[in-house]
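Just below is one structure, and these are the notes that go with it.
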Ligand SMILES: NC(=O)c1ccc[n+]([C@@H]2O[C@H](COP(=O)([O-])OP(=O)(O)OC[C@H]3O[C@@H](n4cnc5c(N)ncnc54)[C@H](OP(=O)(O)O)[C@@H]3O)[C@@H](O)[C@H]2O)c1
């Protein structure tokens, strides 16, 4: 039996398109190819097979038509492209993914007809600067639960990081759901299914959501410093820049894969020492000399301090402080 629920993507820009592309590929090609990791199992009862991609401009409609237009005539999966008709899309949908910029979300959610159309539905948001509570206020204003007849929606906040474009986002999902003690199991599974399309999914409580999201969003920036430092000396010794950076980046990717695979082998426990010792053993002594320099310079503490500053310092516009190297 094929499922038949509808997912409306309100704001099918970079993230929305990346998610839609993989979901469609996994639905239309049950055997995944190397570009699309396997998505977790999901009950047919909730699996979306119809998608409504909402955008604002004609330019975006043309982009989506070029990429997904052939799914408009297909019954499984099916894609409809909608320009601006958000209220209609939300009404037709079983689930809603809000993936536009925060300012756009504020405007969209100001439509008072949405509260009724969203009743009892799952509303997933990728808006980085909006908490589930803020979204709830935008939809229901200050109305108390008792003062409204309408059943509210389940609002779940998801924070992807910049690696979503290569399907390697370390996406965080808040376990705190606005207007509910817990998220129904089917909704949780659907959330995991949707965000697994762009990487991994980690559920964390709302109380540490900011810290967790800064960890996943700041870490890539800090890693680039290590990459540049490693490549710099390789270039000074005669390697071409593309080769030096490729070697360093591939080594970083391999290290990350090893660390993650050890976690799976060790039932959830990471074994970073093991990965480091193995790398040192194959470096014929040079690794020990290199690591001694990092220890002396207290590089580990410096990274920790960089994270601390990143978690504490925000500029007046709420953006993280940033300076060029
Ligand atoms: N990009 C990232 O690296 C990243 C990482 C983590 C989190 N996020 C968060 O994810 C959200 C989406 O980011 P993004 O980079 O995917 O944004 P984006 O590429 O700018 O996409 C936003 C989309 O919303 C559409 N839109 C705007 N107003 C609309 C309206 N009234 N009705 C229907 N559609 C409307 C836009 O359509 P038009 O193009 O036609 O105007 C566009 O397709 C943001 O809140 C961001 O904070 C982004």
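What is the calculated FRET efficiency for residue 137 to residue 75, with r their C-beta to C-beta distance and R₀ = 51 Å, to the nearest 0.05?
0.85
How big is Rg to Rh over region 5-204, alpha-carbon atoms, Rh as the Kirkwood inverse-mean-distance radius?
0.94
Based on the Cβ-Cβ distance of residue 200 and residue 311, what FRET efficiency does E = 1/(1 + (r/R0)^6) give at R0 = 22 Å, to the nearest 0.05?
With a Förster radius of 22 Å, E is 0.55.
How long are the semi-axes of the equivalent ellipsoid of region 102-214, taking √(5λ) for every eigenvalue λ of the Cα gyration tensor, in whole Å from largest down?
25, 15, 13
Students often check this: by mean Cβ neighbours within 10 Å, which of 245-254, 116-125 ranks highest, and how do the rest follow?
Going by the mean number of other Cβ atoms within 10 Å, highest first, we get 116-125, 245-254.
Starting from the Cα-Cα distance between residue 116 and residue 263, subtract it from 0.36 nm times their residue separation and give me the gain in nm to one decimal.
Using 0.36 nm per residue and subtracting the Cα-Cα distance, I get 48.5 nm.
Looking at the chain as a GNM with Cα springs under 10 Å, which of 256, 128, 178 has the largest mean-square fluctuation?
Maximum fluctuation in the GNM of the chain, among the listed residues, is at 256.
Measure nothing fancy, just the Cα-based angle from helix 58-68's long axis to the longest principal axis of the chain, in degrees from 0 to 90, nearest 10.
80
Can you work out the base-10 log of I(q)/I(0) for region 47-92 at q = 0.18, 0.33 1/Å, using the Debye formula on its C-alpha atoms alone?
The computed values of log10 I(q)/I(0) come out as -0.51, -1.17.
Go ahead and estimate [θ] at 222 nm for the chain from helices alone: -39,500 (n - 2.57) per DSSP H run with n ≥ 4, summed, over the residue count, rounded to 500.
So the helix-based figure for the chain works out to -15000 deg cm²/dmol.
Please state the relative contact order of the chain as a whole percent: Cα pairs under 8 Å, 6+ residues apart?
Taking the mean separation of contacting Cα pairs over the length of the chain, I get 13 percent.
Determine, from the Cβ-Cβ distance of residue 298 and residue 129 and an R0 of 35 Å, the FRET efficiency 1/(1 + (r/R0)^6), rounded to the nearest 0.05.
Calculated value: 0.55.
Mind giving me the nanometre distance, one decimal, between the label points for residue 162 and residue 249, set 7 Å out from Cα along Cα→Cβ?
1.3
By how many degrees, 0 to 90 and rounded to 10, does the Cα axis of helix 286-296 deviate from the longest principal axis of the chain?
That helix lies at roughly 70 degrees to the long axis.
Counting residues in region 218-312 as N, plug N into 2.2 N^0.38 Å and put the Cα Rg over that result.
That ratio works out to 1.18.
What does a probe at residue 43 reach in region 65-104, counting residues whose amide N is under 19 Å from the point 7 Å along Cα→Cβ?
From region 65-104, the list is 94-96.
Mind checking the angle between helix 185-195 and the chain's longest principal axis? C-alpha axes, 0 to 90 degrees, to the nearest 10.
60
Report the paramagnetic label zone for residue 101: residues of region 47-71 whose backbone N is under 18 Å from a point 7 Å from Cα along the Cα-to-Cβ axis.
Taking a point 7 Å out along Cα→Cβ of residue 101, the residues of region 47-71 whose backbone N falls under 18 Å are 54-61.
Full extension from residue 271 to residue 226: what is 0.36 nm times the residue separation minus their Cα-Cα distance, to one decimal in nm?
Length difference between fully extended and current span is 14.1 nm.
Give the peptides 47-56, 102-111, 187-196 in descending order of average Cβ contacts within 10 Å, highest first.
Result, highest mean first: 47-56, 187-196, 102-111.
Coordinate-derived values only; no laboratory data. Predicted model, so just to flag it, every value in this text is computed and none were measured. Quick reminder, even Gly has a Cβ in these numbers, built from the backbone with ideal geometry, and neighbours come from all protein chains shown.
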